[in-house]
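Peer 1: Could you have a look at this structure, given as structure tokens, before my questions?
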Amino acid sequence: MATLEADIEAGARRDLVGLSRAELGAALAGLDLPAFRTKQVWHWIYCRGATEFDAMTTLAKPLRRRLAEHFTISRPAVSKAQTAGDRTRKWLVAFPDGSEAETVFIPEDDRGALCVSSQVGCTLNCSFCHTGTQPWVRNLTAGEIVGQVMLARDALGEWPAAEGGQGLLSDIVLMGVGEPLYNYDNVVKAMNIVMDMEGIAISRRRITLSTAGVVPRIADAGRDLGVRLAISLHAVTDALRDVLVPLNRRYPIAQLLAACRDYPGGRNARRITFEYVMLRGVNDSEADARALVRLVRGIPAKMNLIPFNPWPGAPFECSTPRAIERFAAIVNRAGYASPVRTPRGRDILAACGQLKSASLRVPARARAG
Ligand code: SF4
């Protein structure tokens, strides 16, 4: 990591967003500032949403100027913003190296979940996922992950952050582009910033990390973050899951479920969510539903049944409403909540990866023309 002196020498200002409290303290100590300044600057950045030092009115003007000479408080740029008829909002977020990722806000009446991306593209190539058709580019930095939360709060006008994260942006789901457990260190750092109660203040109970099943990292996430866990399961046999979620070839279902059984908190009120995309004639039979119930027996669990949201050229179709109903009824009768996820933002292609892909198609069409 570049030192403050090196930054100053190079004329580069260091971005403070994404630094841990300890790193922020060290950066400010490099200007010989006392420790209490860390708390003040942290508060302005993460509780008040300041984007420039001049807004930090509890600091004397000469200090604000000095900070601005050495540091920045950045936000990712938004290259496209869309709002669906159902008020779902989606941002295509652009980073300085030209990479893009997407962030989606799904509002409910008095709260809402922000779906955050952790990588640019994804290596895992799940066959039902549009993101899997895009090339993997890189991991997002902790600042770029936190930046998505901050730009959403900017857009929602939710600064200062409501105490306990009870504003409209009340929940975070790490379900956007990428596999969060393949960008482990940056995701942990970013979520620790988001969970800091003197800042963005969204508690671990309101954060859900969704993984395709990176088994060795599941216990680490329980220990380091203790957030809710969601598993992209989607199939009840290894033969089918190998096709739908190719990571299964490395970490088959039995290993994955063993890691879920051991997940800290899994035995108390924090149930693990199993995501199951409903694919017509592929994984949606009554026998599949019964097998699903048998598989998760003993795990405090909830099933999230997701009607497949097809994209042009997708190799699957969505299950019929009747098939979904029958599947849900079997899972419900076995004592598991099995809400069918209402498709949100369909008119703006708010399913994972679709905004990015739509924008990628434009140059291709332009070339064809
Ligand atoms: S479903 Fe998730 S893990 Fe699988 S390809 Fe899509 S983004 Fe990657």
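Peer 1: Any idea what % of Cα-Cα pairs in the chain are farther than 41 Å?
Peer 2: The share of Cα pairs beyond 41 Å in the chain comes to 15 percent.
Peer 1: How long is the gain from residue 99 to residue 29 if the chain were fully straight, where each residue apart is worth 0.36 nm and the alpha carbon distance is subtracted?
Peer 2: Length gained between residue 99 and residue 29: 22.0 nm.
Peer 1: Pull out the extension gain between residue 239 and residue 81, defined as 0.36 nm times the separation in residues minus the alpha carbon to alpha carbon distance; nm, one decimal.
Peer 2: 52.9 nm is the gain from fully extending residue 239 to residue 81.
Peer 1: Another question, then. Can you list the trypsin sites (Lys or Arg not before Pro) in region 277-310 that are in a DSSP coil and have 13 or fewer other beta carbons within 10 angstrom?
Peer 2: Answer in residue order: 297.
Peer 1: Continuing with the same structure: Hey, quick one: spin label on residue 320, modelled 7 Å out along Cα-Cβ, who in region 271-313 has an amide N within reach, i.e. under 18 Å?
Peer 2: Answer for region 271-313: 278-289, 307-308.
Peer 1: Still on this structure: So what J values fall out for region 64-73 if you push phi through Karplus, 6.51 cos²θ - 1.76 cosθ + 1.60 with θ = phi - 60°, rounded to Hz, Gly and Pro as x?
Peer 2: 4, 5, 5, 4, 5, 5, 10, 9, 10, 10
Peer 1: Then there is this: Report in % the part of the accessible area of region 185-293 that belongs to carbon and sulfur, leaving out ligands and nucleic acids; probe 1.4 Å.
Peer 2: Within region 185-293, the accessible surface is 47 percent carbon and sulfur.
Peer 1: Sticking with this structure for a sec: If R0 is 45 Å, what FRET efficiency do you get for residue 249 and residue 13 from their C-beta distance, rounded to 0.05?
Peer 2: 0.50
Peer 1: Compute the accessible area per residue over the chain, keeping the other protein chains in place, probe 1.4 Å, unit Å².
Peer 2: 43 Å²
Peer 1: Measure nothing fancy, just the Cα-based angle from helix 184-195's long axis to the longest principal axis of the chain, in degrees from 0 to 90, nearest 10.
Peer 2: 70 degrees
Peer 1: Same structure again: May I ask for log10 I(q)/I(0) of region 149-258 at q = 0.18, 0.23 Å⁻¹, from a Debye sum over the Cα atoms as equal point scatterers with solvent left out?
Peer 2: -0.87, -1.20
Peer 1: Now for a separate question. Tabulate in residue order the Karplus-calculated ³J(HN,Hα) for region 306-311, using 6.51 cos²θ - 1.76 cosθ + 1.60 with θ = phi - 60°, rounded to whole Hz; enter x for Gly and Pro.
Peer 2: Rounded to whole hertz, the list is 10, x, 4, 9, x, 10.
Peer 1: Counting helices only, and only those DSSP H runs with n ≥ 4, report the 222 nm mean residue ellipticity of the chain as the sum of -39,500 (n - 2.57) divided by its residues, in deg cm²/dmol to the nearest 500.
Peer 2: The helix-only estimate for the chain comes to -10000 deg cm²/dmol at 222 nm.
Peer 1: List residues of region 229-260, by number, whose backbone nitrogen lies under 13 Å from a label position 7 Å along Cα→C-beta of residue 332.
Peer 2: Correct set: none at all.
Peer 1: Ok, one more. With r as the distance between the Cβ atoms of residue 258 and residue 127 and R0 = 25 Å, compute the FRET efficiency 1/(1 + (r/R0)^6) and round to 0.05.
Peer 2: 0.50
The values are calculated or read from the model by the stated rules, or taken from the named source; none is laboratory data. All values reported here derive from a predicted model rather than from experimental measurement. All Cβ positions, even for glycine, are placed from backbone atoms using ideal geometry, and neighbour counts span all protein chains on display. Side chains included, ligands, DNA and RNA excluded: accessible areas come from the protein's heavy atoms. Shrake-Rupley method; radii C 1.70, N 1.55, O 1.52, S 1.80 Å.
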